[in-house]
Amino acid sequence: MIYNNNPVRAMLHSTTALTDPRCFMPQALPILITAAATTAAGVIGGTVALTFAAIATSFAISAALGFALSALAPKPAGAVADQGYQVNNVGAKNPHAIIYGRAVVGGPNFYNETTTGNTYLHRLIALAAHECDAIETVYFNDEALTLDVNGNVTAPTKWAGYARIKTHLGDQTTADSDLVSESEGDWTSSHKALGICYIYARLRFSRDAFPNGIPVITAKVRGKKVLDPRTSTTAWTDNAALIARDYITADYGLAATGTNDTAYSAAATVCDESVALAAGGTESRYTINGAFSLKSTPRQILKSMHDAMAGYPVYGQGQWKSVVGEYTAATKTLDENDLRSGLSVVPRHPRASNFNGVTGTFRGEESEWKETSYPP
């Protein structure tokens with residue numbers, strides 16, 4: 001995708017690229033490998049398939065070993081989690097954004113056009129590079145908008161009559177008809193943004209409505225639909241095990257074809273268990289609600305997903321599975337007769353190992369989706 005440096009008008013230079021869901025952001029490594037193998041297949045035939053299979057197997061084994069070693073290694077301090085796009089930006093090479101569960105996200109501006117003598121600004125914002133289940137709420141500068149049936153903003157009243165919002169979930173097969181008719185020939189019926197979940201915002205010029213310029217546009221999104229091997233249905237969920245399985249099999253993830261779905265079914269059931277809350281009510285034991293971009297490595301992404309369910313991924317006998325944190329009954333009892341030597345007793349922890357507080361941050365509905373420190 002080529003962008004114009006002019007912040008008011010970013011012209012798209014290839015209508016053909018716009019019919020490709022990859023046109024806005026580059027794909028992950030497994031897709032590049034597949035493309036290379038496909039291109040070369042006509043020359044070296046079966047050798048390519050064998051080489052690609054060897055690469056995939058080697059990657060899976062290396063990844064599994066990497067997770068095992070990282071579990072034993074010290075944890076680096078100060079790492080910043082990848083939370084996807086929280087604001088709007090413009091760039092020529094923006095990584096794909098992926099949304100699982102529910103999250104409030106921003107996204108890159110991939111098209112800007114002014115029409116009717118600069119009266120209207122037409123702006124398209126990519127939220128995710130896949131189909132999403134729903135866009136629940138749109139925000140201007142963190143203020144929730146109320147829309148009528150045509151997408152016109154009716155509240156807050158300061159923007160009533162000055163903004164119109166249309167949403168596309170990534171399952172669209174045609175271009176936005178309003179933008180095609182109102183664009184001055186730049187956005188045509190060939191511009192479909194296939195596979196891209198995006199917002200189309202039309203803003204009418206007003207110093208009173210927008211005294212500080214164009215607002216930051218974000219949205220609360222119900223993210224990708226995933227397959228549940230327990231029911232063989234694909235639907236939205238925030239179940240941590242099912243989301244990890246989806247990433248492992250996705251073309252932007254590991255593109256794995258071997259998964260132990262018996263193990264994933266059991267893990268998903270554990271994630272769905274109801275846990276009583278101190279304040280009353282219940283919630284599912286393990287969920288994932290958030291976004292990330294593909295600038296992160298598969299290892300980083302998988303680690304974050306499995307941290308959310310107190311578990312770890314396992315690759316063995318050609319299949320992936322996720323082990324989740326749960327109690328399992330002992331299958332054998334060991335006593336001192338099983339030891340090779342005598343016992344040693346440590347009466348207390350070293351002072352350096354002691355701690356008296358736990359701190360951290362979270363984002364969710366409780367904090368209006370802003371990163372907030374929880375009570376120590």
Here the residues within region 348-365 that are loosely packed, with under 10 Cβ neighbours inside 10 Å and within 30 Å of Glu143 (Cα to Cα) are Thr359, Gly360
Of the listed residues (Tyr286, Tyr312, Tyr264, Tyr252), the one being in contact (Cβ under 8 Å) with a residue 40 or more places away in the chain and under 18 Å from Asp82 (Cβ atoms) is Tyr252
Apart from one, (1) over 21 Å from Leu294 (Cα atoms); (2) within 26 Å of the chain's Cα centre (by Cα); (3) open to solvent by less than 50 Å² (accessible area, probe 1.4 Å) all hold for Asp82; the odd one out is (1)
Note on region 309-350: residues over 30 Å from Asp261 (Cα atoms) and either in contact with a Gly (Cβ under 7 Å, 6 or more places away or on another chain) or basic (Lys, Arg) (or both) are Arg340, Arg348
- Message: Take Thr249 and tell me if it is touching a strand residue (DSSP E or B) at 6+ places or on another chain (Cβ under 8 Å), within 19 Å of Gln317 (Cα to Cα) and of a type in the set (Ser, Thr, Tyr).
- Response: yes
The residue that is surrounded by the fewest Cβ atoms within 10 Å (Cβ to Cβ), considering only those in region 239-282 that are part of a strand (DSSP E or B) and within 22 Å of the chain's Cα centre (by Cα), is Thr259
(request) Determine, yes or no, whether Val345 is open to solvent by less than 40 Å² (accessible area, probe 1.4 Å) and either over 30 Å from Ala144 (Cα atoms) or touching a Phe, Trp or Tyr at 6+ places or on another chain (Cβ under 9 Å) (or both). (result) no
Among (1) over 19 Å from Gly106 (Cβ atoms); (2) open to solvent by 30 Å² or more (accessible area, probe 1.4 Å); (3) polar (S, T, N, Q), Gln172 falls short only on (2)
Those residues of region 289-309 which are touching a residue at least 12 places away in the same chain (Cβ under 8 Å), open to solvent by 60 Å² or more (accessible area, probe 1.4 Å) and either among the hydroxyl-bearing types (Ser, Thr, Tyr) or touching a His at 6+ places or on another chain (Cβ under 7 Å) (or both) amount to Ser304
Within region 175-225, restricting to residues that are out of contact with any Ser or Thr (no Cβ under 7 Å at 6 or more places or on another chain) and β-branched (Val, Ile, Thr), the one that is surrounded by the fewest Cβ atoms within 10 Å (Cβ to Cβ) is Val216
Reported set for region 324-372 where residues are among the charged types (D, E, K, R), within 25 Å of the chain's Cα centre (by Cα), part of a loop (DSSP other than H, G, I, E, B) and at negative phi is Arg363, Lys370, Glu371
Would you check if Val314 is farther than 30 Å from Ile248 by Cβ and not aromatic (Phe, Trp, Tyr)? no
Only one of Met305, Met309 is at pLDDT 95 or above and in a loop (DSSP other than H, G, I, E, B), namely Met309
Check region 145-163 and report whether any residue there is over 21 Å from Ala97 (Cβ atoms) and among the charged types (D, E, K, R).
yes
Of Val87, Val104, the only residue that is touching a residue at least 40 places away in the same chain (Cβ under 8 Å), more than 21 Å from Asp251 (Cβ to Cβ) and surrounded by fewer than 21 Cβ atoms within 10 Å (Cβ to Cβ) is Val87
Pairing a residue in region 141-153 that is modelled with pLDDT under 95 and surrounded by fewer than 17 Cβ atoms within 10 Å (Cβ to Cβ) with any residue that is assigned to a loop (DSSP other than H, G, I, E, B) and of a type in the set (D, E, K, R), where Cβ atoms lie under 9 Å and the two sit 6 or more apart in sequence or on different chains, gives Asp142/Glu368; Asp142/Lys370
Filtering region 199-217 down to residues that are in a loop (DSSP other than H, G, I, E, B) and either farther than 28 Å from Gly170 by Cα or among the charged types (D, E, K, R) (or both) yields Phe205, Ser206, Arg207, Asp208, Ala209, Phe210, Pro211, Asn212, Gly213
Residues of region 213-234 being closer than 28 Å to Glu365 by Cα and without any contact (Cβ under 8 Å) to a residue 60 or more places away in the chain, in sequence order, are Gly213, Leu227, Asp228, Thr233, Thr234
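The values are calculated or read from the model by the stated rules, or taken from the named source; none is laboratory data. Remember, predicted model here, so these are calculated numbers, not experimental data. Glycine also receives a Cβ, built like all others from the backbone with ideal geometry; neighbour counts cover every protein chain displayed. What goes into the accessible areas is simple: the full protein's heavy atoms, side chains included, and nothing from ligands, DNA or RNA. Shrake-Rupley method; radii C 1.70, N 1.55, O 1.52, S 1.80 Å.
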